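One structure is given here, and the rest of the page talks about it.
The values are calculated or read from the model by the stated rules, or taken from the named source; none is laboratory data. None of these values were measured; they are calculated from a predicted model. Heads up, the Cβs are rebuilt from the backbone with ideal geometry, glycines too, and the neighbour counts pull from every protein chain shown.
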């Protein structure tokens, strides 16, 4: 198949899975393996197109985010919300810089690890959905600073492919006393600095490996992930409020088990 078809497939996978707790990275790496795509460019491609999905959050929440931005000099609530996101972001920055090479060169090359991470994460989602702690915080934009820091620490687990950044932050938020909707929305907000940081750092590390002939393929994947990401964000909050996290838990377990079975046959 031509490269543009691979770009569309990976862009759809990224956009559909970035904001639901099933691990977009795990799904991208398993999809890449299933398609027989080589390492190198396609690994970097998978990271770069994540920014497209993140811009979907910015587009849909632009009015609220702009209100926070212009309110920073005068509005204590705006400053507190911005500080909560910053505090949650810091642990990922520290560990991301320290462990970047280990994550990309070792963990990303283990499909079995991804499958097991999907399965274990699925069990965790089923458990937290069935026995959630009492919810004390119901507004993502009023997340207490200590709660935000706890969510940020849990987010670091998502550096293991297959764990899921959104899954880790949603579960972390629920465990810290947020209701599922607030935890999901805070996960959206935290995704912005986290994924922009990952995009920027990975681009810096791999800029020499990308030539202009690949720009069109990257742009296509970027746009596809943006559009499909918007679709997911529009319906994710209501879905979680109505159905909970269990459907995502079962999906993770199914994908992980099927992945292990296929790897066993290869």
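The table for this structure:
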quantity: Tally of residues being within 23 Å of residue 252 (Cβ to Cβ) and either over 13 Å from the mean Cα position of the chain (by Cα) or not in a helix (DSSP H, G or I) (or both) across the range 43-55; calculated: 2
quantity: Some residue of the range 92-100 being surrounded by fewer than 16 Cβ atoms within 10 Å (Cβ to Cβ), modelled with pLDDT under 95 and assigned to a loop (DSSP other than H, G, I, E, B); calculated: no
quantity: Meets criteria (surrounded by fewer than 18 Cβ atoms within 10 Å (Cβ to Cβ), within 22 Å of residue 118 (Cβ to Cβ) and touching a helix residue (DSSP H, G or I) at 6+ places or on another chain (Cβ under 7 Å)) for residue 191; calculated: no
quantity: Residue 48 vs. criteria under 13 Å from residue 225 (Cβ atoms) and in contact (Cβ under 8 Å) with a residue 60 or more places away in the chain; calculated: yes
quantity: Residue in the range 157-172 that is outside any helix (DSSP H, G or I), at positive phi and either crowded, with 16+ Cβ neighbours inside 10 Å or within 19 Å of the chain's Cα centre (by Cα) (or both) present; calculated: yes
quantity: Qualifying residue in the range 73-88 (condition: without any contact (Cβ under 8 Å) to a residue 40 or more places away in the chain, outside any helix (DSSP H, G or I) and surrounded by 16 or more Cβ atoms within 10 Å (Cβ to Cβ)); calculated: no
quantity: Residue within the range 229-238 that is farther than 18 Å from residue 10 by Cα, free of Cβ contacts under 8 Å to residues at least 12 places away in the same chain, surrounded by fewer than 16 Cβ atoms within 10 Å (Cβ to Cβ) and out of contact with any strand residue (DSSP E or B) (no Cβ under 9 Å at 6 or more places or on another chain) present; calculated: yes
quantity: Selection within the range 56-72 - under 18 Å from the mean Cα position of the chain (by Cα) and assigned to a helix (DSSP H, G or I); calculated: 56, 57, 58, 59, 60
quantity: Residue within the range 189-212 that is assigned to a helix (DSSP H, G or I), under 21 Å from residue 247 (Cα atoms) and without any contact (Cβ under 8 Å) to a residue 12 or more places away in the chain present; calculated: no
quantity: Residue match in the range 30-41 (condition: touching a residue at least 12 places away in the same chain (Cβ under 8 Å), crowded, with 20+ Cβ neighbours inside 10 Å and in a helix (DSSP H, G or I)); calculated: yes
quantity: Filtered residues of the range 1-29 (kept if under 18 Å from residue 255 (Cα atoms), free of Cβ contacts under 8 Å to residues at least 40 places away in the same chain and surrounded by fewer than 24 Cβ atoms within 10 Å (Cβ to Cβ)); calculated: 9, 13
